[in-house]
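Read through the structure below, which is laid out as structure tokens, and then see the notes.
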Amino acid sequence: MNGKPDTDARESHRPPSKWRRWGTIAGLSFGLVAFFAYAWLGGVLAEIDRTLPPVPDPAKVPTSQIVVDRSDALLRPYTIAEGRWRLPVTLADVDPMFLTMLKGYEDRRFDEHHGVDWRAFGRAAGQILRNGHVVSGGSTLTMQVARLVQGGSTRQAESKLKQIVHARALEAKLDKNQILSLYLALAPYGGNLEGIRAATLAYFGKEPRRLTIAEAALLVALPQSPEARRPDRDPKAAKAARDRVLDRLVTAGVLDEETAASAKTERIPEARKPFPMLAAHLGDQARKRHPADPVIRLTVDGRLQAKLETLASIRAAKVGAKASVAILVADHVTGDILASVGSAGFMDDGRNGYVDMTEAVRSPGSTLKPLIYGLAFEQGLAHPQSLIEDKPSAFAGYAPVNFDGFYRGTVTIHDALTQSLNVPAVQVLDAVGPARLIARLKRAAASPRLPDMSAAGLAVGLGGVGISLRDLVSVYAAIARGGRPVALHPEPVPVVASADTAPVLDPLAAWYVADILADVPPPTIGARGRIAYKTGTSYGYRDAWSIGFDGRTVIGVWAGRADGAPVSGLSGIGTAAPVLFEAFDKLGGDRAPLMAAPRGALIASNGDLPAPLKRFRGTDTLANKAPDTPQIAFPPDGVQVDLGIRAGDPMPLMIKIRNGQPPFTWFANGVPIAQTPFARAESWAPDGPGFVTLSVVDSAGRSDRVTVFVE
């Protein structure tokens with residue numbers, strides 16, 4: 001506009017200078033180099049990606065198979081491959097403060113980055129340039145998980161590149177909680193310890209749910225150099241590493257100085273603690289049944305189990321160097337096994353601790369006597385106040401003697417059982433029959449074993465039969481339940497409606513037995529009447545037993561040597577009974593009361609009993625079995641009788657008898673029912689469907705009985 005030439009126009013048409021040409025060439029060259037470098041790097045990364053292991057599923061990482069108790073508390077873990085401990089763990093199982101400290105020390109931006117924290121890489125590089133050595137690493141928790149999955153080194157450039165690629169892949173397929181869970185499961189803590197749960201159990205003897213600040217700081221420090229910082233090998237190095245973690249967390253604002261200073265005063269553990277091994281015998285047995293299950297649940301109460309294992313160890317040491325003690329506790333209402341101590345020390349070879357003495361077949365001594373008398377009560381042959389003779393006697397060549405060698409003369413059945421007299425027990429067994437005793441043991445889910453598969457003889461009543469502690473506990477559980485058997489089980493089972501099963505004893509007979517056992521004199525540490533119990537000592541002082549129950553729990557104790565050798569001074573009352581009473585004390589709380597007397601219980605002195613029950617005449621009854629012995633002609637033994645009970649229109653059951661001498665005493669489940677003692681037929685109206693035992697006793701004390709099912 002002012003007539004001057006347009007400078008911009010001239011500049012725009014000026015030929016390019018040589019610098020511009022060189023600049024253009026350089027730019028094109030750099031672009032080509034960058035392109036080829038990017039293409040090369042992309043190929044390298046693709047090749048790395050192809051060689052990386054797949055992204056693991058946190059839920060499928062191999063972990064130790066564990067056995068837990070009824071409340072999911074750890075009883076026993078097993079190692080994985082190469083003897084490594086790697087226990088299953090979730091974020092919810094870990095102290096939240098530990099997670100905060102871990103992120104604050106290792107990866108402050110863990111919740112923000114996508115696997116790689118480039119700012120941390122830059123900071124680490126700057127620290128190296130300023131200090132000449134590594135001050136802090138640039139690896140994120142995700143990269144550390146990648147390294148743990150790959151198993152590579154952190155100091156090689158190629159390995160670091162692999163971790164970066166793998167970390168990005170982990171972040172693409174897993175969320176932050178899953179990545180953190182992998183770290184908690186795989187992080188090394190020295191030796192064969194992997195994962196935080198194995199570390200807290202080994203170093204602190206506890207689960208990671210509650211940790212002190214000092215414990216958490218040590219666990220943050222160990223995975224960075226697990227072998228050099230192992231507290232069980234170099235506690236000074238472990239303490240120094242822990243304290244550095246505390247200092248940096250103060251700088252990061254995670255901890256205050258006072259908390260960190262207090263944590264530094266806490267001692268470093270200088271030795272590893274053993275992993276739990278509670279209920280080891282049960283755990284091994286369950287593992288054989290469920291080899292592929294990651295978690296095996298038992299009905300055991302872990303706290304009670306621990307107390308009783310300690311009790312067994314202490315008591316066995318008092319018995320002898322090679323002696324052992326076994327204890328079995330069950331809830332006789334549900335059948336749950338609450339504790340099972342198979343020996344005084346699972347790893348004690350001197351005591352053959354690997355042998356589960358709750359399952360070992362041994363002689364039961366006098367522990368079967370309650371069932372013998374119960375059968376006599378059930379058949380109407382005796383009452384607790386019936387008189388019986390305790391005097392030298394022989395039974396077809398078998399001549400039992402009492403444990404102390406003395407005889408008491410005429411005693412009541414009650415006293416014969418509370419004093420565990422042998423001769424009266426054999427008299428009663430002679431009347432009820434050894435075969436019937438064996439059959440009732442089997443009803444209680446016991447597995448009695450006779451010598452050389454021989455027929456049952458009278459010796460079985462005093463221990464001449466093989467049986468296990470679990471079998472005896474099962475028998476006494478049935479007595480405690482009013483004669484109803486219950487299946488003892490160490491693993492949870494679904495609750496189902498139980499079918500009608502044959503009783504071990506009828507309710508009245510079971511109550512009579514329990515009432516007598518509650519009067520057995522306790523050892524010096526016990527109080528009479530708290531529990532119903534019986535003791536036993538096998539021939540040659542090889543086995544000492546004590547089995548007892550209250551209204552909820554049944555406990556069995558065995559003491560002796562697993563190899564069957566005799567033990568001087570061993571006895572049921574002196575050795576096993578004190579353990580039984582201590583075991584009941586370990587249960588805590590008040591004892592559940594024993595069952596109440598059922599309807600029809602005859603609580604009377606001997607003078608008030610019906611004539612046939614005043615004195616036990618079992619041997620006389622057997623002397624003349626036919627033709628004068630009374631026989632129940634109807635209903636036949638073992639039949640099922642339809643009385644219309646289920647249809648709602650019941651009719652009475654007619655009972656008919658032949659032979660025998662009147663007057664007759666009639667019983668249904670041990671309860672007298674006679675209205676016309678000189679008649680040979682009687683009617684009886686049952687309360688409901690189920691098994692019932694009918695018996696009759698004539699004036700000479702001879703008897704017969706049948707068991708039928710009415711409906």
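Counting only residues that are touching a helix residue (DSSP H, G or I) at 6+ places or on another chain (Cβ under 7 Å) and without any contact (Cβ under 8 Å) to a residue 40 or more places away in the chain, the stretch 439-464 holds 4 of them.
The single residue among ALA679, ALA668 that is among the aliphatic types (A, V, I, L, M), modelled with pLDDT under 80 and more than 18 Å from ALA431 (Cα to Cα) turns out to be ALA679. If you go through the stretch 569-576 one residue at a time, do you hit one that is more than 27 Å from LEU304 (Cα to Cα), out of contact with any His (no Cβ under 6 Å at 6 or more places or on another chain) and either surrounded by fewer than 21 Cβ atoms within 10 Å (Cβ to Cβ) or of a type in the set (Ser, Thr, Tyr) (or both)? So far as the stretch 569-576 goes, yes, one or more of its residues are more than 27 Å from LEU304 (Cα to Cα), out of contact with any His (no Cβ under 6 Å at 6 or more places or on another chain) and either surrounded by fewer than 21 Cβ atoms within 10 Å (Cβ to Cβ) or of a type in the set (Ser, Thr, Tyr) (or both).
Being more than 30 Å from LEU594 (Cα to Cα), assigned to a helix (DSSP H, G or I) and over 16 Å from the mean Cα position of the chain (by Cα): is that true of GLY283 here?
For GLY283, the condition - more than 30 Å from LEU594 (Cα to Cα), assigned to a helix (DSSP H, G or I) and over 16 Å from the mean Cα position of the chain (by Cα) - is not met.
Identify the residue in the stretch 301-333 that is among the hydroxyl-bearing types (Ser, Thr, Tyr) and touching a residue at least 12 places away in the same chain (Cβ under 8 Å) and, among all such residues, is farthest from VAL68 (Cα to Cα). Filtering first and then ranking leaves SER324.
Applying the criterion of at least 2 residues that are over 27 Å from the mean Cα position of the chain (by Cα) to the strands (runs of 3 or more DSSP E) found wholly in the stretch 329-414 leaves 387-390, 409-412.
Of the conditions (1) in contact with a strand residue (DSSP E or B) (Cβ under 7 Å, 6 or more places away or on another chain); (2) not in a helix (DSSP H, G or I), ASP232 fails just one. Which one is it? For ASP232, the exception is condition (1).
When the criteria are applied in full, ALA202 meets the requirement of being crowded, with 16+ Cβ neighbours inside 10 Å, of a type in the set (Gly, Ala, Ser) and part of a helix (DSSP H, G or I). Taking (1) over 25 Å from ILE555 (Cα atoms); (2) free of Cβ contacts under 8 Å to residues at least 12 places away in the same chain; (3) not in a loop (DSSP other than H, G, I, E, B) in turn, ALA238 satisfies each apart from (2).
Criterion first (more than 21 Å from PHE377 (Cα to Cα), touching a residue at least 12 places away in the same chain (Cβ under 8 Å), part of a strand (DSSP E or B) and not assigned by TED's automatic domain parsing to the domain that holds PRO610) does SER683 satisfy it? The answer is yes for SER683. If you go through the stretch 444-459 and pick out every residue that is part of a loop (DSSP other than H, G, I, E, B) and hydrophobic (A, V, I, L, M, F, W, C), you end up with 6.
Number of residues in the stretch 91-124 that are at pLDDT 95 or above, assigned to a loop (DSSP other than H, G, I, E, B) and not acidic (Asp, Glu) equals 1.
Can you name the residue in the stretch 643-660 that is more than 29 Å from SER699 (Cα to Cα) and at pLDDT below 80 and is also farthest from the chain's Cα centre (by Cα) among such residues?
ASP649
The selection criterion, being surrounded by fewer than 24 Cβ atoms within 10 Å (Cβ to Cβ) and under 21 Å from ALA241 (Cβ atoms), holds for ALA214. Restricting the stretch 486-524 to residues that are under 16 Å from ASN669 (Cβ atoms) and in a loop (DSSP other than H, G, I, E, B), which is modelled with the lowest pLDDT? Ranking the qualifying residues of the stretch 486-524, first place goes to ASP500.
Please go through the stretch 390-423 and pick out each residue that is surrounded by 20 or more Cβ atoms within 10 Å (Cβ to Cβ) and touching a residue at least 60 places away in the same chain (Cβ under 8 Å). PRO400, THR412, ILE413, LEU417, SER420 - these are the residues of the stretch 390-423 that are surrounded by 20 or more Cβ atoms within 10 Å (Cβ to Cβ) and touching a residue at least 60 places away in the same chain (Cβ under 8 Å).
The values are calculated or read from the model by the stated rules, or taken from the named source; none is laboratory data. Treat the numbers as computed from the prediction; the structure is a model and nothing was measured. FYI the Cβ positions are ideal-geometry reconstructions off the backbone, even for glycines, and counts take in every protein chain you see.
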